[in-house]
1. With θ set to phi - 60° and the Karplus curve 6.51 cos²θ - 1.76 cosθ + 1.60, what are the ³J(HN,Hα) couplings of region 228-233 in order, to the nearest whole Hz, using x for Gly and Pro?
2. For region 129-287, what mean projected area does the convex hull of the alpha carbons give, in nm²?
3. Can you tell which of Thr244, Trp118, Gly64 lies farthest toward the positive end of the dipole of the chain, using +1 and -1 charges on the Cβ of basic and acidic side chains (Lys, Arg; Asp, Glu)?
4. Note down the magnitude of the dipole of region 88-136 about its Cα centre, charges +1 on Lys and Arg C-beta and -1 on Asp and Glu C-beta and zero elsewhere, to the nearest 20 debye.
5. Relative contact order of the chain, please, whole-number percent, based on alpha carbon pairs below 8 angstrom and at least 6 residues apart.
6. Please list, or write none, the aspartates and glutamates whose alpha carbon is within less than 17 Å of the alpha carbon of Lys20, excluding same-chain residues fewer than 8 places away.
7. Among Tyr206, Tyr66, Tyr83, determine the one that fluctuates most according to a GNM of the chain built with springs between C-alpha atoms less than 10 Å apart.
8. When all alpha-carbon pairs of region 166-218 are counted, what percent fall beyond 15 Å?
Amino acid sequence: MLAVLATACGGARGATEPTKLHVGLSAAFTLPGGSALWTTDHTGGRVVRVDPAAGRVQKSIGVGGYPFGLAYGAGSIWVGSRYTALVTRLNARTNRRQKRIHVGSAPYALVYGAGSVWVTNEGSGTVSRIGPRRNKVIKTIRVGGQPNGIAFAFKKIWVADFGRGRLLRIDPRRNRVERKISIPTADWITASTDSLWVSSETGRIYRVDPAAMAVKATVTVGANPLASAWIDGKLWVPNIDSGTVSVVDPASNAVSRTITVGPSPIAVAAAAGAAWVTSETDGDLWRLDPS
């Protein structure tokens, strides 16, 4: 693997050029956990552990089955493999595989919350709730449609139903859907202190009041936004089809900065004082200055 390299492939308005770290054949989802930054390389069938402070790859762990979504919790990294309907549990300290757990068809996104791991199964229209003590599915919740993004915030589980264009709120105490609202091609969900920000393939981000379950603002970003992250009080949105990252200011509900990165940026995460953006096509992690 390569160390962090400077690149001239993109620039940012009001910022220095990004640097990049090559992690594999593709770089899909990414998140911090256990002092490391983790990224799925779905084409290579691996999860890659990165030291974000040093800017280097520490370990590549084979999981197979087109690994895609990630979650961190209970001292572990949880990885969903879309082709095998499995979630692999990895020890975040030792990098060892601990367990493989059967879930629904084509697991997409994962989140840890309310003492469990929650998995959206795009192919079966369900959400699997995994209990980390027993390493097994303790509840399957039928949501229908095509569930994609998932988040835990405001003591609830939130699911983006891409197929039916809905945002669903699940009560984790009762394991049931309790509210729904319409959002076109709802794809990914990121929480801030007072809102949910839902990406849509329409090139918009919908800001939702979680208590009222109502859209209170719509922000136009780049083409096909996906897995955003809340960094230093702003929403960082990767636009897969634009090769850019849009930085949204919640005070104005508008894009305050647009950063050109590389091809197919799919996810953003914060680690070691930087914003990290995945390039699904090149297998790179782009490191950006959030200031």
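None of the figures in this text is laboratory data; all of them are computed from the coordinates on show. It should be emphasised that the depicted structure is a prediction, and the values quoted were computed from it without experimental measurement. Positions of Cβ are generated from backbone atoms using ideal geometry, with glycine treated the same way; all protein chains shown enter the neighbour counts.
1. These are the phi-based 3J(HN,Hα) values: 7, 8, 8, 9, 6, x Hz.
2. Mean orientational projected area (region 129-287, Cα hull): 9.9 nm².
3. Trp118
4. 440
5. Worked out over the chain, it gives 14 percent.
6. Leaving aside aspartates and glutamates fewer than 8 places away in the same chain, those within reach of Lys20 are Asp41, Asp51, Glu280, Asp282, Asp284, Asp289.
7. The residue with the greatest mean-square fluctuation here is Tyr83.
8. 44
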